[in-house]
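The structure under discussion appears below in the form of structure tokens.
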Amino acid sequence: MARIRQRRVREMMERDRRRRHYLRRRRAFLLSSMAAVFSLITSTSRHVWVRNRSPGQNFWSEAKSFDNDQWKAQFRVNRTTFDYLLELIGPSIVRRKTNYRKPIEPRRRLAVTLWWFARSGEYRSIANMFGVGIATVCTMVRQVTSAIVDLLYQRFVSLPSGPRLEITIQAFKDRSYPQCAGAIGATHIPIAPPRDNPDDYINSNGWHSVILQAVVDHNSCFTDVYAGWPGSTSSVTVLSSSDLYLKAEDRPDGYLFPRDKSIMSDGVEVPVHLIGDTSFPLKPWLIKAYSQEHQLSSEQQHFTYTLNSARSVVDTAFMRLKGRWRCLLKKNDIDVSMMPRVVAACCILHNICEIQKDCFLPEWNIEMTSPGNFVQPDTAQYDGDAYCSAEVIRDTITHNLLSILQY
Ligand SMILES: *[C@@H]1O[C@H](CO)[C@@H](O)[C@H](O)[C@H]1NC(C)=O
């Protein structure tokens, strides 16, 4: 018996090692294709556009005299936030003067990009509105997008730690869910059919998309963003390729957040964790609701209800993200290889607006089911859970919800 058990343990360890190895390889592959995207951006040849346009008389020249409401309606951020953004990325989007023409000033570059994020639209009409060349619009959107991602991602998007973690846990506790540091979710972003492997991008509702996986805090701010997997990929595959997953699973104890924040209940350690829908796997660091296939006890029903209502912050975040930046709502012209960066940039801008209290206007609300909008695919339940310690943690929270909340 003992020998058999030893062999089982060895086999299990070996399987685990192979799985980690596989994950690393897949990640390396992914990163190498991302590197290709980077070089694609930097090697874009800029077209020479020397034609002089009639000065004045376009949208941009009028924008200077917009009142605050008009400005915000056009650029989705108010002037204060716009100036703040310009301060953050302006120096990195300055272009050198050439012999042909004066370079377009950073303020206009940022304005073009925000306008495009807010509605996508044709490059031709944007070019006319802002008095720039058509090819320039495309180049500027790429350049400003990259500047936002490279300069601001780490500063504005990170999992909570220290005092921010305390605040987050407390805020979820106020929503009757304990030990929670964020909610994870995924959403599909429509794209035009890409040239390479277009079928991989068709999701279960039949349209082409890339997936955004995100972790969101109690304020519906993004704390982790992972975008770009083809629409046909399952939540669990996207998750297991993400940095987030490696970060949690690479720790010897398999927890994502510091264990000194754990609570002991009924002799079980209840760690700080994320919450997700049933398409995600159950892990000690990622708790999800019970499958509705079985008859649930009233305690389990209550747990499921509480978890799902705490999880709604993800839906709010996605709704605001897409309502503000509508280039994520319909197919747009930009190359698919650029989409992960566009999505990330929009998430960063969303956070900056939320932090600045530059509020989301009711008229930006999107009716997801209205005709012309893409209906999100249903999430398929993940049934491969066999992580016994996570089951124990979930059962412990379920049975002791009230006492854990009073902790
Ligand atoms: C922009 O919004 C912030 C937050 O509501 C506010 O403090 C600021 O005064 C606004 N700026 C303008 C120009 O309206």
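The values are calculated or read from the model by the stated rules, or taken from the named source; none is laboratory data. It should be emphasised that the depicted structure is a prediction, and the values quoted were computed from it without experimental measurement. Here the Cβ positions follow ideal geometry from the backbone for every residue, glycine too, while neighbour counts run over all protein chains shown. To get the accessible areas, we keep the full protein, side chains included, count just its heavy atoms, and leave off ligands, DNA and RNA. Shrake-Rupley method; radii C 1.70, N 1.55, O 1.52, S 1.80 Å.
The listed peptides 355-365, 70-80, 222-232, ordered by packing as a protection proxy, come out as 222-232, 70-80, 355-365 (highest mean of other Cβ atoms within 10 Å first). Between Gln154 and Asn58, the C-beta separation translates, for a Förster distance of 45 Å, into a calculated FRET efficiency of about 0.80. Our Cα-only numbers for segment 163-405 put the radius of gyration and Dmax at 18.2, 56 Å.
Calculate, in nm to one decimal, what Arg251 and Gln356 gain on full extension: separation in residues at 0.36 nm each, minus their alpha carbon distance.
In short, 34.3 nm is gained.
Each peptide in 337-349, 268-280 gets a packing score, the mean of other Cβ atoms within 10 Å over its residues, and the list from highest to lowest is 337-349, 268-280. Given a 1.4 Å probe and the protein chains as shown, Val375 ends up with an accessible area of around 80 Å². Packing, as the average of other Cβ atoms within 10 Å across residues, places the peptides 162-169, 247-254, 132-139 in the order 132-139, 162-169, 247-254, highest first. Expressed as a whole percent, the accessible surface of segment 54-155 that belongs to carbon and sulfur atoms is 49, based on a 1.4 Å probe. Extension gain for the segment Tyr84 to Ala386, taken as residue separation times 0.36 nm less the Cα-Cα distance, is 103.9 nm to one decimal. A 1.4 Å probe run over segment 163-405, with the rest of the protein chains in place, finds 41 Å² accessible per residue.
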